[in-house]
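Quick note: the coordinates plus some simple rules give every number you see, no bench work behind them. All values reported here derive from a predicted model rather than from experimental measurement. Every residue, glycine among them, receives a Cβ derived from its backbone with ideal geometry; neighbour counts consider all protein chains shown.
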Amino acid sequence: MEIIEKIKAIGIVPVIKIDNAKDAVPLANALCEGGIPCAEVTFRTSAAKDAIKEISQNCPQMLVGAGTVLTPEQADEAAAAGAKFIVSPGLNPKTVKHCIEKGIPIIPGTANPSDVELAIELGLNVVKFFPAEAAGGLNMIKAMSAPYSNMLFMPTGGIGPQNLNSYLDFPKIIACGGSWMAPDTLISAGEFDKIRLLAKEAVEKMLGFELAHIGINASDETKANEIASSFENIFGFAKRETPASFFAGNFIEAMKSPYLGTHGHIAIKTNYLDRAVNYLKFRGIEFDSSTAKFNDSGKMTAIYLKEQFGGFAVHLLQK
């Protein structure tokens, strides 16, 4: 499902409570500027419907959904206001069936195997896991994933910077919901700059960008060997050979023949390559799709940006 794929690519779903619809657009802009173009606006306030409408009409780059949807009527109100997906704290068969019939993507809450089996019976393969930490956390999700191998989860409740990546590392989890990057107090106070920074920090924590290595374009194999040997002799960086290059330690790569980049390349590793590409594309960064590399499972492992920096090409690398 397209909406689920978009949520998975973003990785974090801010769960927000808006008391005044006037705060909706500034909040959405702050989240987008921080790198999270997604929000679940909870139906816990009377302003929810109008807030969703404001975001939908004024922030087309934002994937906006409705949370805490308890009835079919609320689901209809949310969809009419522009919500692209529905999230509920529990699994109400009536509401789920209604959304399915109307073609509205819904992610209902589950907390145990019985809930998951009901979701399967209703034809769903993605559910919310709530309240995540109180209901057993990641260990509970892993335990339930064994018998329900086709089910995917979006945990919410008790998740923050301290455990975000632990959850996202598990492949059965499409994204994590949370409110730590947009707490009620900051929204009510209109401190959207702080929300932008918290969103940025959340994305940076999730993606975990780090320098992997620097590649040097040598003129030929002999010169590449000499470069790597020099780093080994001077700094003790052990030399090793690969089909295309010589490495000196983990951080210097001498290419046997010139590759991308005037001088060479810089490799940046990330926790989740697909999400990193999605994040950077959202920020206007372009990629050279012809350079993408994939493993035997079809998962992308590396890709180059189109732009060079100081004569160096840059590529992302899956950790």
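Observations on the model:
- Summed over qualifying helices (DSSP H, 4 residues or more, each -39500 (n - 2.57)) and divided by its residue number, the chain shows a 222 nm mean residue ellipticity of -11000 deg cm²/dmol.
- The amide H of T291, built 1.01 Å from its N in the peptide plane, has Y304 as neighbours under 5 Å, considering only residues 5 or more places off or on other chains.
- For the chain, DSSP calls about 40 percent of its internal beta bridges antiparallel.
- Span per principal axis, largest first, for the Cα atoms of the chain (Å): 72, 45, 32
- Pairs from the list K84/K172; K142/K172; K17/K94 with a Cα-Cα gap above 18 Å: K84/K172; K17/K94.
- Translational diffusion of region 210-318, estimated by Stokes-Einstein from the Kirkwood radius over alpha carbon pairs at 10 °C in a medium of 1.306 mPa s, is 110 µm² per second.
- Region 208-286: antiparallel DSSP beta bridges as a percent of all, rounded to 5: 75
- Burial order of peptide ranges 39-49, 68-78 (average beta-carbon count within 10 Å, highest first): 39-49, 68-78
- Selected from K205, K84, K299 as most flexible by GNM, with the chain as the system and alpha-carbon contacts under 10 Å: K299
- Cα gyration tensor shape for region 66-195, rounded if a/c is under 1.5, else prolate or oblate: oblate
- Each residue of region 263-279 is assigned a 3J(HN,Hα), and the resulting list reads 9, x, 9, 10, 9, 10, 8, 9, 5, 9, 4, 4, 5, 5, 4, 4, 4 Hz, derived from the Karplus form 6.51 cos²θ - 1.76 cosθ + 1.60 (θ = phi - 60°), x at Gly and Pro.
- Alpha carbon centroid spacing (whole Å) that separates region 286-302 from region 1-53: 30
- The stretch between E73 and E204, if pulled fully straight at 0.36 nm per residue, gains 43.4 nm over its current Cα-Cα span.
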